[in-house]
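Have a look at the structure below before the remarks.
The values are calculated or read from the model by the stated rules, or taken from the named source; none is laboratory data. Quantities reported herein were computed from a predicted structural model and do not represent experimental measurements. For neighbour counting, all protein chains shown are included, and Cβ atoms are generated from backbone atoms with ideal geometry for every residue, glycine included.
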Amino acid sequence: MTIELTTKRKIKIATTSLAGCFGCHMSFLDMDESLTGLLEQVEFDRSPFTDIKHCGRCDIGLIEGGVCTAENVHVLREFRANCTTLVAVGACAINGGVPAMRNYFDLQECLQEVYLNGTGVTNPQIPDDIELPLLLDKVYPISEVVHIDYFLPGCPPSADAFLQLLEPLLAGQKPIIQKSQLHYD
Amino acid sequence: MSAIQNTIRIDNQAIPFTPGQTIMDAALAAKVYIPHLCHYPGLPPSGNCRLCIVEIENRSVAACTTPAAADQTICSNTPELNEARKALTQMLFVEGDHICPSCEKTGNCKLQAMAYYLGMLDDHFPQFYQRREIDASHPDILLDRRRCILCDLCVRASREVDGKNVFAIAGRGTKAHLIVNSPSGKLADSSIATTDLATTICPVGAILIKEQGYQVPIGQRIYDHHTIRETSLQEHIAGCDKLKRKEHQDTER
């Protein structure tokens, strides 16, 4: 009965990019022809691939990017609340990555340099539109905000690394990333 | 009889040693790899990275500073010790700026290669994001203290090989940092040169030679193709050859 159910029901995957560059999503698409096999087993919930705005119950959540704004915190918590297995994908999700380079400066210093005092700034003003999510004091790895089940390093992780993660996960097994596949850049 | 006396056992493998040799040197000479970051062939050991931690009858010691002694029974390549080594590597990562995609040393970095070797997937500990001074004063050499892991290889290389004493480590605990021996404390006023061992020995991206950035593309660098185990064993052989040549030259003189 259970086996029948699992073979019939498609695995639900949600993905998002927080403070990321969507490079991990592009690398996910680099799986190319493997994607067709994957789509026979999975369907996408909230994701830039579907444009669904909120996450339903999902089996797997893939998070790209670190936590940089208050909105990132809400999205990340929504994913944690709805995804059975949550995976930190890529350098930024795992340790803040390139956006976390601002952590070596005060937030105010950064804003002043970019919007007021920087080279070539015209009409200097720090953006304060109510629609803009508030920046956090620092960029945080997602594991400092919610519990993370698995980590997939890389900038971005290669398409092969995505397969190494997803194939065991879809089979209900613990993914093991080969040491030879490990890259942080 | 002396052959039996001068033998240690690492992970049940008999390894010969010469009196005065450390466990690390005996192991590397026998092509047995013990993970390490602050050991370098020919330089006096420092024992500060602790990655070469091994167990001799339930006692933990640093293989690079402990002399080999007859009949030592040593455990090194065990799941427990490798987990401890991974935790130490994670601590080194969170203490400094080790965001690999933004570092010129990526792919050639021993800290990164060690993390690959130990299968590190995340940093586990909260990031420090410590502010440390960058010294860009020298026209050819950059010193970024945020990436420094305080292995003190540059300190020893400058003192022992270059004969210059350019570097030292000052402060304690999280305040420990690399200082430069010059009137201004800046690299530009020191006697360091790009050809010094102290300049090239840095295992991470703390000391970099300028205007060479990205000459070798990412993906074609050392640890994109080799493990740190392979390069460390090669480094030992090359280091020993160099020492032999130097001793030969010294005796000829």
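For segment B:109-118, state whether one or more residues are outside any helix (DSSP H, G or I) and either free of Cβ contacts under 8 Å to residues at least 40 places away in the same chain or within 14 Å of chain A (Cβ to nearest Cβ) (or both).
Taking segment B:109-118 and keeping what is outside any helix (DSSP H, G or I), we get B:109, B:118.
Those left that are additionally either free of Cβ contacts under 8 Å to residues at least 40 places away in the same chain or within 14 Å of chain A (Cβ to nearest Cβ) (or both): B:109, B:118.
For segment B:109-118, residues outside any helix (DSSP H, G or I) and either free of Cβ contacts under 8 Å to residues at least 40 places away in the same chain or within 14 Å of chain A (Cβ to nearest Cβ) (or both): present.
How about segment A:5-33: which of its residues are at pLDDT 95 or above and in a helix (DSSP H, G or I)?
Those that are at pLDDT 95 or above and in a helix (DSSP H, G or I): A:23, A:24, A:25, A:26, A:27, A:28, A:29.
Looking at segment B:83-108, which of its residues are at the interface with another protein chain (Cβ under 8 Å from one of its Cβ atoms) and among the acidic types (Asp, Glu)?
Passing the criteria: only B:97.
Yes/no matrix, rows are residues, columns are (1) in contact with a Phe, Trp or Tyr (Cβ under 8 Å, 6 or more places away or on another chain); (2) at pLDDT below 95; (3) charged (D, E, K, R):
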| position | (1), (2), (3) |
| --- | --- |
| A:55 | yes, yes, no |
| A:66 | yes, no, no |
| A:73 | no, no, no |
| A:79 | no, no, no |
| A:85 | yes, no, no |
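What pairs come up if the first residue lies in segment B:155-184 and is modelled with pLDDT of 95 or more, the second is basic (Lys, Arg), and their beta carbons are under 7 Å apart, counting only those six or more places apart or on different chains?
Every condition considered, the pairs that remain are B:158/B:164; B:165/B:159; B:177/B:132; B:177/B:145; B:178/B:145; B:180/B:186.
Going through segment B:202-234 one residue at a time, which ones are out of contact with any strand residue (DSSP E or B) (no Cβ under 8 Å at 6 or more places or on another chain) and under 27 Å from residue B:135 (Cβ atoms)?
Matches in segment B:202-234: B:203, B:204, B:211, B:212, B:213, B:214, B:215, B:216, B:218, B:221, B:222, B:223.
Would you check which residues across segment B:24-40 are assigned to a loop (DSSP other than H, G, I, E, B) and more than 10 Å from the chain's Cα centre (by Cα) and list them? It would help to see each step written out before you state the result.
First, pick out the residues of segment B:24-40 that are assigned to a loop (DSSP other than H, G, I, E, B): B:30-40.
Within segment B:24-40, B:30, B:31, B:32, B:33, B:34 qualify.
Considering (1) in contact (Cβ under 8 Å) with a residue 12 or more places away in the chain; (2) surrounded by fewer than 16 Cβ atoms within 10 Å (Cβ to Cβ); (3) away from chain A (no Cβ under 14 Å), say which one residue B:219 fails and leave the rest.
(3)
If I ask for residues that are without any contact (Cβ under 8 Å) to a residue 40 or more places away in the chain and under 18 Å from residue B:114 (Cβ atoms), which ones from segment B:39-78 would you list? Lay out the reasoning, then the answer.
Pass one, segment B:39-78, residues without any contact (Cβ under 8 Å) to a residue 40 or more places away in the chain: B:39, B:45, B:47, B:50, B:52-53, B:55-62.
Once the filter is applied, which keeps residues that are without any contact (Cβ under 8 Å) to a residue 40 or more places away in the chain and under 18 Å from residue B:114 (Cβ atoms), segment B:39-78 yields B:39, B:45, B:47, B:50, B:52, B:53, B:62.
Identify the residue in segment A:5-57 that is surrounded by fewer than 12 Cβ atoms within 10 Å (Cβ to Cβ) and basic (Lys, Arg) and, among all such residues, is nearest to residue A:139 (Cα to Cα).
Among those that are surrounded by fewer than 12 Cβ atoms within 10 Å (Cβ to Cβ) and basic (Lys, Arg), it is A:53.
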